[in-house]
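Just so it is clear, none of the values below were taken in a lab; they were calculated from the coordinates. Here the structure is a predicted model, which means the values were calculated and not measured. Because the Cβ atoms are built from the backbone with ideal geometry, glycine has one as well, and the counts that use them run over all protein chains shown.
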Amino acid sequence: MQLTGLQPLYRSMRQQDIGRIKFRYKLNHLVFECLFFADTEPFELVIGCLAHNFVIFVEVRRGFEISTYIEPRETFFALRNALFQGQNSANRFDVVAFFAEFNQHIPTHAAPDQIPSADDVVRYYPEIEDSRKRFFCGWLDNSKQGNQVSVTNLEKTRRLLGQRARDFAQRRNQSTRWTHEQSKAIAFFMPE
């Protein structure tokens, strides 16, 4: 299935050099928080159901193509039940119809105030290295100590700051530094 609604949003993001966006989508009584990562290859779409304990992860391939299969099965059943469209319901749950409806409600424009924070990302990716440390507090030049940037730090950098920051960190052998204290947080920057 093609999510054509992502095309104008993606164009707006590129025009403003925004790699990630957060928006909400309401379906019946459910509210979904959506994160769209256009700074990864392939693109990623995260659809978290607020007030319910499940999230749908969607890989968005070239041409904004997605699979309409929701994995794991527990997530499929959680969505179906949250929509009151269980197996014995008069209105059987249809994944294609769910994504078609979602596609019609994707915003067409991005704004800088819609960029997801590290908190937004960590909520859906709790397996990130030391996830309680989610506030950026600087860079560490590993070359000075004769060390290499770790794979886990590169993954955390990619998840929280995007592919561009991750590639920079690997190229320059720099680790991002993180703290759990918001008072020690600084605005993200790329070193000279």
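Relative contact order for the chain: what is it in percent, counting Cα pairs under 8 Å that are at least 6 residues apart? Mind showing how you got there, number by number?
On the way: 292 pairs, mean separation 39.2, N = 192.
Relative contact order for the chain comes out at 20 percent.
With the largest listed first and rounded to whole Å, the semi-axes of the equivalent ellipsoid of the chain from the Cα gyration tensor are 34, 18, 15.
For a 23 Å ceiling on Cα separation, which of these pairs sit above it: K22/K184; K156/K184; K22/K133? Kindly include the intermediate steps, with their values, before the conclusion.
On the way: K22/K184 25 Å; K156/K184 18 Å; K22/K133 21 Å.
As for pairs spanning more than 23 Å Cα to Cα, those are K22/K184.
Just add up the charged neighbours of T176: K/R +1, D/E -1, any other residue whose Cβ is under 12 Å from the Cβ of T176.
Details: positive: K133, R134, K156, R158, R159, R166, R172, R177; negative: E129, D130, D141, E155.
So the environment of T176 carries a net charge of +4.
Counting other Cβ atoms within 10 Å as a rough exposure proxy, the listed residues F136, F168 run F168, F136 from fewest neighbours to most.
For the range 6-116, the Kirkwood radius over C-alpha pairs fed into Stokes-Einstein at 25 °C and 0.890 mPa s yields D = 167 µm² per second.
Of R73, R158, R177, the sequence from fewest to most neighbouring Cβ atoms within 10 angstrom is R73, R177, R158. Spin-label pair E129-R61: with each label point 7 Å from Cα along the Cα-Cβ axis, the two points sit 3.1 nm from one another. Given R₀ = 45 Å, what would the calculated FRET efficiency be for E155 paired with N91, taking r from the Cβ atoms and rounding to 0.05? The pair E155/N91 has a calculated efficiency of 0.65.
Would you kindly state how much longer the chain becomes between R177 and V31 on full extension, computed as 0.36 nm times their sequence separation minus their alpha carbon distance, in nm to one decimal? Each step should come with its number before you reach the end.
Values: separation 146, 0.36 × 146 = 52.56 nm, distance 3.36 nm.
The R177-V31 span can extend by a further 49.2 nm.
Contour minus end-to-end for R11 and H109, with contour as 0.36 nm per residue of separation and end-to-end as the Cα-Cα distance?
Values: separation 98, 0.36 × 98 = 35.28 nm, distance 0.83 nm.
Answer, rounded to one decimal: 34.5 nm.
For the chain, no complete DSSP H run has alpha carbons reaching 18 Å or more along its own long axis together with a mean Kyte-Doolittle score of 0.5 or higher.
One decimal place: the segment S117-F189 gains 24.4 nm when fully extended, by the rule 0.36 nm per residue minus the C-alpha distance.
Quick check on the exposure proxy: order I186, I56 from fewest to most C-beta atoms within 10 angstrom. Spell out each step's value before the answer.
Working: I186 11, I56 22.
With the sparsest Cβ surroundings first, the list reads I186, I56.
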